[in-house]
1. Relative to the longest principal axis of the C-alpha atoms of chain A, give the angle of the C-alpha long axis of helix A:711-722, reported between 0 and 90° and rounded to the nearest 10°.
2. Once you charge only the Cβ atoms, +1 for Lys and Arg and -1 for Asp and Glu, what is the size of the charge dipole of the range A:241-294 about its Cα centre, to the nearest 20 debye?
3. I'd like the antiparallel share, as a percent to the nearest 5, of DSSP beta bridges with both residues in the range A:419-574.
4. Helix A:289-335 versus the longest principal axis of chain A: what is the Cα-based angle in degrees, 0 to 90, to the nearest 10?
5. Report the net charge of residues surrounding A:Glu439, where surrounding means a beta-carbon distance below 13 angstrom and charges are Lys +1, Arg +1, Asp -1, Glu -1.
6. Which loop-located GluC sites (Glu not before Pro) does the range A:463-505 contain, where loop means any DSSP state but H, G, I, E or B and the Cβ has at most 12 other Cβ atoms within 10 Å?
7. Quick one: dipole size for chain A, taken about the Cα centre, charges +1 on Lys/Arg Cβ and -1 on Asp/Glu Cβ, in debye to the nearest 20.
8. Just going by the charge dipole of the range A:83-134, with Lys and Arg at +1 and Asp and Glu at -1 on Cβ, which of A:Ile122, A:Ser104, A:Ala83 is farthest out on the positive end?
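Any read-out appearing in this document is the output of simple, stated calculations on the displayed coordinates, not a laboratory observation. Remember, it's a predicted structure, so these values are computed and weren't measured experimentally. Neighbour counts run over all protein chains shown; Cβ positions are idealised from the backbone, glycine included.
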Amino acid sequence: MLPLLRKSLVARLVTGFLLLSLMTVAAASSISYIRARDVLVDSVYERLRVAVTLKENELNRWIGDQRQEIVYLAKSPEIRDNAAQLLSRERSHRYFREAYFRMSENSNAFIKRNPYFREISILSADGGRVVFSTIPEHEDTYRPHDLYFTEGLKQTYVQNVYPSPQSQEPTMTVATPLINERGERRGVLAVHFNLDWMERLILENAGLGETGETYLVDKYNDFVSGRHFGRSEFPRGVHTLGIDRAVSGESGYGRYLNYEGIPVVGYYRWIAERELVLMAEMHEQEALAPAKSLGLIISFVGSIISFLLAVAIFLLARKTAGPILAIAETSRRIAAGELDLDVPVLTGDEVGTLARAINTMVAKLRSLYVSAARDEEKYRLLVENQTDLVVKVDLEGRFLFVSSTYCEMFGRSEGELLGNAFMPLVHPDDQEATAREMEKLFVAPHTCYIEQRAMTRDGWRWFAWVDSAVLDENGEVFEIIGVGRDITDRKLAEIELEKYQKHLEEIVEERTSQLRDVQSELVQKERLAALGQLAATVSHEIRNPLGTIRNAVYTIDESLAREELVNVRKLAELAQRNIDRCDRIINEMLDFTRKRELIVSSYNFDNWLQSVVLELDVPEGVVIRKNLGCDREVTFDSELIRRVIINIMSNAFHSFMNYDAGRKIVNLTTKVRESMVEVSVADNGSGISPENLKKIFEPLFSTKGFGVGLGMAIVKNIVEDHGGEISVSSEAGEGTTVTFTVPLATNGGRHG
Amino acid sequence: MDDRRHLLLVEDDRDFSESLRLLLEIKGFAVTRAVSGEEALDLFEENRFCCVLMDIKLPGMSGVETLAAIMSRAPDTRALLMTGCERGSDEVISASRSGAISVLYKPFRINELLNYIDN
């Protein structure tokens, strides 16, 4: 039913209408029923009230009649005379017996004539003794406190329904005084009534239908009439809403449950003078039956009309919806793929417009479909025939498309892959890098390159992926297309290569380390060798002065022994000088090996230089030509530069030894060049051979027969310590020029 | 001059040469000095010496070369070489074939020198 409703327009229309009209009908019938019931209940009340009033009247009239009759009886001679005898004579008296006999006959005749009488008795005014009764067992009992006796002695009295002292059954008694001819109240005539009459009286239901019922209940809540007369059924009295209200003195209507628990519509009335409740009740079911049937009829007729209307609506809807249904049916077939169909244009109204619009759409769709099919074929060929892997995944990395090459490579069907995430296929060690790289897809240019391992049909293999993001119209990434290639062979080669490279590096490292060791060993050896050479040179140089000293001392000793003191002074000078030589040699060696801190002072450079030159021991025939151009203050270590000057000048002087240069000239020149003093010493001596010139600054190099060979090495050190430079140019036979520079202001460690 | 007490001293260190001359003269020797091998050869041509004292390391011709030249002319010459070098150094080894009686290592003991000369 529900699927039909969802699918069918007409069904929905008809069902909707039917539901609406049935609701209306239900409402109408309910309202009718309620309205009818209220009216009915009112009319039932009225009927019940009337019935109760009638019954009450009847009851009162009947009781009035009986009272009259009893008054009349008491005055009738049959009763009065006999009663006088019975009340005045002894039981054993003849008259008494005669009167009793006649009384019995008369009384029984009355009872026979009047079926309402149950018992006729005569009570003596003297103590209420029953002197006669139609029920002989009651005779000679005393009833001095019964109301019918005490009240009946005074006047005619009706004792309303009460439980009989003898039988405990409800009874009613009418009593009247018996007055003798002298006007004396000698006794009471009491007639006890059969209450069966009430049943007959009340049960005559006056047109109250099948379930209508009238009954009497006394003030003790006991039934006095009706089918439930007596106490046996309801030992504690009968209680219903109506009865209880009436017993408390009210009269009125109500709908309540009766003594049998059946819902009734009832009317109750308290008859105060009779101390009785008169009830009239009718079962609700019967009382309200017309209302019910009215409601049912309205429902029935309404429903029939609804159905007829529904049929009419159905026909109308069919007619109206026909074109729409036709469109729907054709559209369904078009959607199923029958693109060659056209929707029928049956009407010229909005539905017709709809149909035409659909036809236009279908036509466009048809041409799109044809070109799409062509494209699809093209792309299919492209994708199916290429060896690269092509996938498309969503943002959660789930496959939306996998190429057949991918399926084959991973040994899974398309169905197994689609909708599942690709990441589990990736090697655990590569997953993090893959995810990190794919972050780039979310920023321009929305591509990334990934190399990763994945578990294929043949186990782990390397792939290179070029991914690119597909953007929606808002520029948000919503899909990712990846093109991949198996690069396992290349990757393995790379890894192998890397391994070799690493191995090579290790070997190189090892060899380098070995070389370094060897080198440091060599350096060590070289240093030792150099040290050895230095020591050898030093010792060699020192041995001549030592030998001289020894010789001199020996000779002095010998001279003293022989007292030939001619040469002693000369010998002592020799010893003294050679001791100085030793000292100088040692200092020179120390100067070379120990780096000295500069102690700078300022001097007028040219003046200072002249004073140094004056100290020099200039050999005979040597001319020093001065060309000085630095008449200004220069800051330098004068002690060290002095040594430089002396050393260079000594070399120049030495160059004239054993060499005939003609005029022996040394040109000493100073000039200021930029921030330096340039000093040059040029001689026209023997000159230096090219091979010796190369070695001139090497320590321990010497061409002289004496000297350690440290001179120029120390000179170079000193000049460079000042921040200057030194150079030597020479040609054999032409002479030598030594040029060095010293800064105008040397930053010294200390100022002297 | 008594040739038997005439010595030729070849030494480029002037102080050493002078001190040794004074020592030898007080010991009764006559000493002729030279400062180079060339000078020594010239002197050797002109004079006769009982003994030659020669430094190995000389400017120009070395002591060993000079001695070789002297020996080639007068093979009986008694010669003593002097050196400031180490025992076993190349110069000393080359001296062993020069025909010298011995090598004196500076600063040598005077008695050692006198022993050789006296013999």
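1. Computed tilt is about 40 degrees.
2. About 160 debye.
3. If I count the DSSP bridges inside the range A:419-574, around 100 percent turn out antiparallel.
4. Helix A:289-335 and the main axis of chain A meet at about 30 degrees.
5. Its environment carries a net charge of -1.
6. Passing sites in the range A:463-505 are A:Glu473, A:Glu476.
7. Computed about the Cα centre, the dipole is about 2620 debye.
8. A:Ser104
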